[in-house]
Amino acid sequence: MAKTAADRRPGAASGETIPRQIASSHVPAAQQARQRILDASVALFAAHGFEGVSTVRIAAEADISQSVVLYHFGSKQKLWREAMLHLFARIGAAGITTASDMKDLDPLSHLRVALRRFVRLSARHPELGRIIMREGAEGGERLDWLVRNALAANYQVYTGLVSAAQAAGQVKPHPPFLLTILLHAACSMLFNLQPLVEAVDGSHLADDRHEELADMILDTLFEGILSGDSR
């Protein structure tokens, strides 16, 4: 049967077809499908890593056909990159700290506010920390891409906050970037390992506990674990 114009992707080579459901769908429906694919991809890549996830599994999680996934993204590698950009865009607005927000704070207070915000982000989006942990441990091309396109700028902000607090004599003069990695790990690890916390301790890190947990994390970071009598 001859292919109709509706069966062809505009500008495609002769004989190249696309799924009929995409060709006939309105733009909002296509955007909605793309959103579902990206959301499913972030969750699955965070839980199972790049090698542990197929486009078939992503399609099933998004309740969509694999052909639609490949139409939108072309390959799993391209989908992974788009999913990472999607994740960082989703959390970016909530994580922005402007100079005007902090102009009345000393450097150490500025750092504390930024870290509290990072705890909240880690609680709401544990997939962020899980992906960074996994790719950071494996290394390679995907990590290099993450550093170039998202992580380097983020770490630069926090390293600058640490350096400012050090210049003010408020933080010990350890290497700023290494301190940043340690601070981020402390702020996110409970949420990255939430299944372990629940399996061993039975604790549920519910939304209404996030501020309590942020208090605990920041108190431990800035005041230590020793009580007054033990110091």
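The values are calculated or read from the model by the stated rules, or taken from the named source; none is laboratory data. Note that the structure is a prediction, hence the values are computed from the model and not measured. Because the Cβ atoms are built from the backbone with ideal geometry, glycine has one as well, and the counts that use them run over all protein chains shown.
Here is how the numbers come out for the structure above:
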item	result
Of the criteria (1) surrounded by 11 or more Cβ atoms within 10 Å (Cβ to Cβ); (2) not in a helix (DSSP H, G or I), which one Trp145 fails	(2)
Subset of region 211-231 that is surrounded by 10 or more Cβ atoms within 10 Å (Cβ to Cβ) and small (Gly, Ala, Ser) - its residue that is modelled with the lowest pLDDT	Gly224
Matching entry among Ile64, Ile96, Ile58, Ile37 (being surrounded by 19 or more Cβ atoms within 10 Å (Cβ to Cβ), at pLDDT below 95, among the hydrophobic types (A, V, I, L, M, F, W, C) and on the phi < 0 side of the Ramachandran plot)	Ile64
In region 121-139, residue modelled with the lowest pLDDT [restricted to those that are over 15 Å from Met84 (Cβ atoms) and surrounded by fewer than 17 Cβ atoms within 10 Å (Cβ to Cβ)]	Arg124
Flag for Glu135 being part of a helix (DSSP H, G or I), of a type in the set (D, E, K, R) and in the same structural domain as Val157 (by TED's automatic domain parsing)	yes
Any hit, region 158-172, residues being in contact (Cβ under 8 Å) with a residue 60 or more places away in the chain and crowded, with 16+ Cβ neighbours inside 10 Å	yes
Boolean, Asp208 is surrounded by 11 or more Cβ atoms within 10 Å (Cβ to Cβ), charged (D, E, K, R) and part of a helix (DSSP H, G or I)	no
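Results for (1) at positive phi; (2) among the acidic types (Asp, Glu); (3) within 21 Å of the chain's Cα centre (by Cα), shown as yes or no for each residue.
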residue: Leu182; (1), (2), (3): no, no, yes
residue: Phe191; (1), (2), (3): no, no, yes
residue: Asp201; (1), (2), (3): no, yes, no
residue: Met216; (1), (2), (3): no, no, no
residue: Ser227; (1), (2), (3): no, no, no
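Per-residue answers, yes or no, for (1) among the aliphatic types (A, V, I, L, M); (2) within 23 Å of Tyr158 (Cβ to Cβ):
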| site | (1), (2) |
| --- | --- |
| Leu178 | yes, yes |
| Ala186 | yes, yes |
| Leu193 | yes, yes |
| Val200 | yes, no |
| Asp207 | no, no |
| Leu218 | yes, yes |
| Glu223 | no, yes |
| Ser227 | no, no |
